[in-house]
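The values are calculated or read from the model by the stated rules, or taken from the named source; none is laboratory data. Given the structure is predicted, the values throughout are model-derived calculations rather than measurements. No Cβ is skipped: glycine too gets one built from the backbone with ideal geometry, and neighbour counts run over all protein chains shown.
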Amino acid sequence: MSDYNVIRGLKIKYLSADPSNPENGQVWYNSSNLRVEGVVGTGAWASGGVVGSPGTTCAAGTQTANVIMGGQRPGNTSNVEEYNGSSWSEVNNMPYAAGNLSGLGTQTAALAFGGYLNVTTTAKYDGTNWTTSGTLSTGRELMGGIGIQTAGLAAGGYRRSPDNYPTQVEQYNGSSWTGAPSLNTGLYGRAASGTTAAALVAGGQTGSTSNAVEEYNGSSWSTVNARPYAAGSAAASGTQTAALNYGGNPASPQTTTVSYDGTNWSAESAMANNRAMSGGSPAGTSGSALASTGSGAGTATEEFTAPSGTSSISLS
C-alpha cells in the first residue's frame, strides 16, 4: 500500500508547539488538534486617513507605510505624500510632474516611471530624496508596475500619437531598463502584483475594458482564469498566488473588490467609494491593502483587512 505522502505530498508534521512564524496555508498537528494558518473569515474595508490632494495617482508600499507619487491632483503634479497607517503628510516632490504614471516598491525604496505624454523618465525614492535613474526605451503611460526598486517590471501601457497599446514589457535592475518577454495582449491600466519571477496582471482596456489575466514565470506570460469583472486602472496588492484587485474604470469608477488564490477569483467586500487610478499598496498583501484617493473618491482613503490566524480542528 502506498503512503499518503507518496500519493498526496509530504506528511503533516507533529509538533510539540506551534511554529513561531507559520506560513499561510501551513498545516500541522499540535497535541490533539490539527492546526492551520491562514485567512479566517471575510475581509472588509474601513476608512483611513484623509489625503492632502485629491485626484489620480500611483503608489508604492503597504497599508501602514505607503507613498503616493505624482498624478493629476488636479493637473499633472510632482506632489508626493506618505502614509503612516493613520495620517498623510507631504514630503519632497518628485523630479518630474506627470499624470498616468506608474509605481512600484516600498515607501523607502519606491520607483515612479512613465506617464502622460509618452514619458520615459524614471525616478527613485529612498524615503527622503529623489533621483532620476534610467529611461524607458518606449515612453508609455498607465503601465502595470511590478516588483521592487532593484528588480521591477513595466508591463503594457498606452502610447499616444498614434494611439497604440503595446504588449511591451521592460525590466529594471535598479539603474536601467532592458527588454523582457512581451505580454500576450496589449492593454493599459492593468492591475499588477508579484515579482519579476512570479508576476500577475489583470484587467485593462483599449477601446473597451477587459477581464483578461496573465501570469509570468520569469521567462514567459500565460493566459489564466479571467477576473470576474472587466475594468482598467484597478489597484492591486499581494502576490501572484494571493492577490487583491479593487476598483477600476469600465465606464465610471467602481467599488468592486476581488481576490485571487493563484487559480480562482472570489468576490470580496466592496469599497465604500467608487475609485479608479487610485493609489494602491503594491508591497501589501491580499489581506492587508490600501486604496487612496483616485478618480471619483476625493481625498478618501480606505483600508482592507482580512482577519488571519491559526485555527484548530479537534481530533479527540
What number of residues in the range 93-137 are in a strand (DSSP E or B) and among the polar types (S, T, N, Q)? 8
Can you find a residue in the range 194-201 that is at pLDDT 95 or above and more than 21 Å from Gln149 (Cα to Cα)? no
Filter the range 74-89 down to residues that are more than 23 Å from Phe304 (Cα to Cα) and either in contact with a Pro (Cβ under 6 Å, 6 or more places away or on another chain) or not in a loop (DSSP other than H, G, I, E, B) (or both), then give me how many there are. 4
Among the numbered criteria (1) out of contact with any Ser or Thr (no Cβ under 6 Å at 6 or more places or on another chain); (2) without any contact (Cβ under 8 Å) to a residue 60 or more places away in the chain; (3) closer than 16 Å to Trp45 by Cβ; (4) surrounded by fewer than 21 Cβ atoms within 10 Å (Cβ to Cβ), which single criterion is violated by Gly298? (2)
Inspect all residues belonging to the range 247-259 and state whether any of them is at pLDDT 95 or above, under 15 Å from Gly194 (Cα atoms) and in the same structural domain as Cys58 (by TED's automatic domain parsing). yes
Given the criteria modelled with pLDDT of 95 or more and crowded, with 22+ Cβ neighbours inside 10 Å, does Gly71 qualify? yes
The range 252-275 residues that are surrounded by 19 or more Cβ atoms within 10 Å (Cβ to Cβ), paired with ones that are among the basic types (Lys, Arg) and outside any loop (DSSP other than H, G, I, E, B) (beta carbon under 9 Å, 6 or more apart): Pro253/Arg275; Gln254/Arg275; Thr255/Arg275
In this structure, does Gly186 turn out to be farther than 13 Å from Gly248 by Cβ and touching a strand residue (DSSP E or B) at 6+ places or on another chain (Cβ under 9 Å)? yes
Among (1) among the hydroxyl-bearing types (Ser, Thr, Tyr); (2) modelled with pLDDT of 95 or more; (3) closer than 30 Å to Val80 by Cα - the single one Ser210 does not satisfy: (3)
Please tell me if Tyr229 is within 18 Å of Leu104 (Cβ to Cβ) and aromatic (Phe, Trp, Tyr). no
